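One structure is given here, and the rest of the page talks about it.
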Amino acid sequence: MNARRLRLVAIVATFAVGATACTIELGTPPVGPSGVSSPDASPSPVPTGERSAAATMAALCDVPPPPARGEPKPAGETPADIAEVEAQVEQTRGLDFARPVAVEPVTAEQIQRRLLANFERTVPEELYARRSLAWQTIGVIPPGAEITDALRAFLSGQVVGYYNPANRALVYIGQDELTTNSRFILAHELTHALDDQHFDLTRLDPLTTSCDDEAFMAALGAVEGSAQFTATRVIIGFPDANEDFGATDPGSTEGVPPFIVRTQLWPYDAGMRFIDAMNDAGGRDAVDGALERMPVSTEQVIHPERYPNDTPTPLDVADLAPELPGRWRDLDVMLVGEAWLESMLWVWASDDPDGAAAGWDGGLYRAWTDGDRVAVVLKTVWDTSADAREFATTLRSTVDARRAFVRGLEGRIVVAGFASDREVLDALGLALGVSATIP
């Protein structure tokens, strides 16, 4: 890689299960997290009965279906400067476009109107409202913060171009003359179009509609990583002597919780490092392989040496609603991976917690509510007992002891409880059979 760090300049969001950064989808038809990644682990089936976490996640998953894939939008005559970028992308990526790509320049106001309209049509508001309560209780977003509002604000301040796989068209903020920044944006989005033609990026759809957030983010890392990596090499390989590359002003993220900003930008930074490692290991064939066989966990993206064989261990969190005093019901279930936990620790820690989430081998949380109060159990499994102890120690040092507890169980298992108040926390500890008091 060239020593200078080229920052993200092309961001857009598709809002299905999580706001992402380019209207793309991914993967092979998903197989749920399975397998084991450490020698001392033994596979165990995850309960799938009606009260299991897996069944509850499926029941609570209320995501609008993605737009149907239609015929490609007619491309028309490609402007000469954009055709030049297309040729540079082909040469850099090592693949040829099978058909022309429709490229539509629009104003900043037009792109915002389109994306916000799509956001309002497709955002799973009820799911996000429930998830907001769970995330507030865990503490990764402030009290009263709403995921939908944060994503809408992030979208309004960040998007400068996108590729739409439904009609295979590229939309970007047009300019009379392409600058180095706009060439980077076009190269990024044209890489999506090229990868879509060869690897069908709509394979992401089943992950969004099944609420498999962890696999979705992992695969998105490969897709965004390919676009970032290729666009970076286009700018390096075809420099414009009359232009200096500068970070495009991404707009303000004021009012967007840092946890959400970090998770939305994660696929670009981590994904680029992943694809860079694939390229170093095996060149274009290895990069193609990562798009043909998408990573299934963010751990695989963060640690490329664990791709593709180190797959997550499945977990379950039993339904504790009957054990809690009052009328409790399921609120949310979410699979959480290394990237999510890393961001959680980063938001809380006064010191850099880098590495404390390494060794992740599987995780999810399950949340319940009685209408006014919330209880959450976060369960994780780790490669080794040492990894589990490191995570538990770091988490215990950062959580609010009045509203959370952390326990290591069975060597490689760590369970954390979070609650909206101390009374619920004590009841949650009793339901789990552990004391909520932290020594």
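The values are calculated or read from the model by the stated rules, or taken from the named source; none is laboratory data. Just so it is clear, the model here is predicted, and its values are computed rather than measured. Cβ coordinates were reconstructed from backbone atoms using ideal geometry, including for glycine residues, and neighbour counts include every protein chain displayed. The accessibility values were calculated without ligands, DNA or RNA, using every heavy atom of the protein model including side chains. Shrake-Rupley method; radii C 1.70, N 1.55, O 1.52, S 1.80 Å.
Observations, loosely collected:
- Test result for W340, under 30 Å from D195 (Cβ atoms), within 18 Å of the chain's Cα centre (by Cα), modelled with pLDDT under 95 and not in a loop (DSSP other than H, G, I, E, B): no
- All of (1) more than 28 Å from F259 (Cα to Cα); (2) under 19 Å from the mean Cα position of the chain (by Cα); (3) among the polar types (S, T, N, Q) hold for N164 with one exception: (1).
- The range 284-303, residues that are surrounded by fewer than 20 Cβ atoms within 10 Å (Cβ to Cβ) and either of a type in the set (S, T, Y) or assigned to a helix (DSSP H, G or I) (or both): R284, D285, A286, D288, G289, E292
- Taking the range 76-89 as the range and being surrounded by fewer than 16 Cβ atoms within 10 Å (Cβ to Cβ) and not β-branched (V, I, T) as the test, the residues that pass are G76, E77, P79, A80, D81, A83, E84, A87.
- Residue check: D330 meets all listed conditions (1) of a type outside the set (A, V, I, L, M, F, W, C); (2) open to solvent by 30 Å² or more (accessible area, probe 1.4 Å); (3) part of a loop (DSSP other than H, G, I, E, B); (4) in contact (Cβ under 8 Å) with a residue 24 or more places away in the chain but one, namely (3).
- Among the residues making up the range 382-407, a single one is of a type in the set (G, A, S), in a helix (DSSP H, G or I) and within 21 Å of L430 (Cα to Cα): A392.
- Residue that is nearest to the chain's Cα centre (by Cα) [pool: residues in the range 304-318 that are open to solvent by 20 Å² or more (accessible area, probe 1.4 Å) and among the aliphatic types (A, V, I, L, M)]: L315
- Flag for N181 being surrounded by fewer than 22 Cβ atoms within 10 Å (Cβ to Cβ), touching a Gly at 6+ places or on another chain (Cβ under 9 Å) and assigned to a helix (DSSP H, G or I): yes
- Being modelled with pLDDT under 90 and under 30 Å from V333 (Cα atoms) holds for only one residue in A108, A145, A153, A129, and it is A153.
- Of all residues in the range 44-52, one or more are open to solvent by 50 Å² or more (accessible area, probe 1.4 Å), modelled with pLDDT under 85 and of a type in the set (S, T, N, Q).
- Test: residue in the range 348-371 that is surrounded by fewer than 19 Cβ atoms within 10 Å (Cβ to Cβ), modelled with pLDDT of 90 or more and closer than 24 Å to E125 by Cβ: yes
- Matching residues in the range 111-136 - criterion: being open to solvent by less than 70 Å² (accessible area, probe 1.4 Å) and within 30 Å of L186 (Cα to Cα): I111, Q112, L115, L116, A117, N118, F119, T122, V123, P124
- Residues being outside any loop (DSSP other than H, G, I, E, B) and modelled with pLDDT of 85 or more are represented in the range 67-80 by at least one member.
- Residue check for Y172: under 19 Å from the mean Cα position of the chain (by Cα), part of a strand (DSSP E or B) and among the aromatic types (F, W, Y): no
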